[in-house]
Amino acid sequence: MPVATSAQPQAFEANHICTIDRRYPNDGDCFGDLYFQFHSQNQHPEGDFHGASVADLGSSKTISFKYLGFNQNFHNSSITFVRRKACLLDRFPLLYASENYAPNSYYKIHVYRIRRKGGDYQFDITQTIQMPSPDSLGILYPHAIPDEDGRHLWVEGYSADKERTVFLLFDLPPYKNGSTVSMGEPIRRFEIPRKTVTDQAYCMRNGKFYQVVGVKREAWLRVIDIASGTLEREILFNDHGLLYEPEAVFFWHNRLCVSFSADGKAEIYSISL
């Protein structure tokens with residue numbers, strides 16, 4: 001059912017798509033109708049929720065969960081599919097997954113090849129990109145996503161004083177199976193004012209960043225024009241009945257979607273602006 005918004009000054013509608021019954025949802029992305037929601041809780045002592053759920057958004061059902069092995073330093077800060085595949089015969093393109101460590105001492109991007117075997121999904125890390133240390137870039141808690149052009153990569157993080165959100169553009173190293181490569185220096189930088197709540201995730205479509213920030217008590221959707229480096233629009237989810245913490249933002253076909261953490265589950269909504 002749509003969330004009632006008739007009293008709001010801006011056009012906005014949210015429709016519930018599905019529920020993923022796993023704790024600690026992080027970022028995710030979809031390919032076709034299949035949505036891959038990653039889960040982790042860095043430094044969680046049990047380590048039993050570092051994995052990926054696969055949901056069919058067309059049928060609104062969760063169809064698989066794959067345990068990825070516990071790493072106490074791992075937090076899935078951004079998850080994004082790219083255009084290219086490891087092999088032309090693969091069903092899925094490569095998936096870029098950011099890994100960051102809470103004290104901000106290192107930052108890596110793992111490139112996953114996803115294959116389906118029977119009813120199970122196999123996630124293999126086929127390349128690792130070692131980023132410059134966040135401190136050397138003057139940012140905190142970075143999130144990386146490949147650019148739509150397939151040749152660049154954006155990294156977003158807090159400024160050192162936590163007053164601004166910083167976007168850095170890099171040349172994306174070429175893909176080579178089994179390689180570990182180092183990222184060069186940024187070729188562009190812009191900043192926008194930052195909310196005082198946590199930056200969660202972002203995606204891009206047609207020259208815009210769609211960013212979700214905040215926690216249950218205050219959560220926002222922000223739309224940023226990349227060419228001009230300016231904040232175009234922001235919407236407070238709480239004003240529209242969405243009283244959850246946003247964890248992921250992505251496009252399902254041409255529909256903007258947000259995954260929220262609610263009562264230990266991931267709740268997926270499509271958003272119409």
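The values are calculated or read from the model by the stated rules, or taken from the named source; none is laboratory data. These numbers come from a predicted model, not from an experiment. Here the Cβ positions follow ideal geometry from the backbone for every residue, glycine too, while neighbour counts run over all protein chains shown.
Per-structure values
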item: Some residue of the range 219-230 being assigned to a strand (DSSP E or B) and closer than 21 Å to residue 82 by Cβ; result: yes
item: Options 149, 124, 135, 161: the member that is closer than 13 Å to residue 97 by Cβ and either of a type in the set (Asp, Glu) or part of a loop (DSSP other than H, G, I, E, B) (or both); result: 124
item: Total residues in the range 123-159, condition free of Cβ contacts under 8 Å to residues at least 12 places away in the same chain and over 15 Å from residue 189 (Cβ atoms); result: 1
item: Candidates 255, 217 - the one that is in contact with a Ser or Thr (Cβ under 6 Å, 6 or more places away or on another chain) and free of Cβ contacts under 8 Å to residues at least 40 places away in the same chain; result: 255
item: Where residue 64 falls short, out of the listed (1) crowded, with 19+ Cβ neighbours inside 10 Å; (2) among the small types (Gly, Ala, Ser); (3) modelled with pLDDT under 90; result: (1)
item: Residue list for the range 167-208, restricted to those being of a type in the set (Phe, Trp, Tyr) and closer than 19 Å to residue 260 by Cβ; result: 202
item: Matching residues, the range 231-245, being crowded, with 18+ Cβ neighbours inside 10 Å and either in contact with a Lys or Arg (Cβ under 7 Å, 6 or more places away or on another chain) or not in a loop (DSSP other than H, G, I, E, B) (or both); result: 235, 237, 240, 244, 245
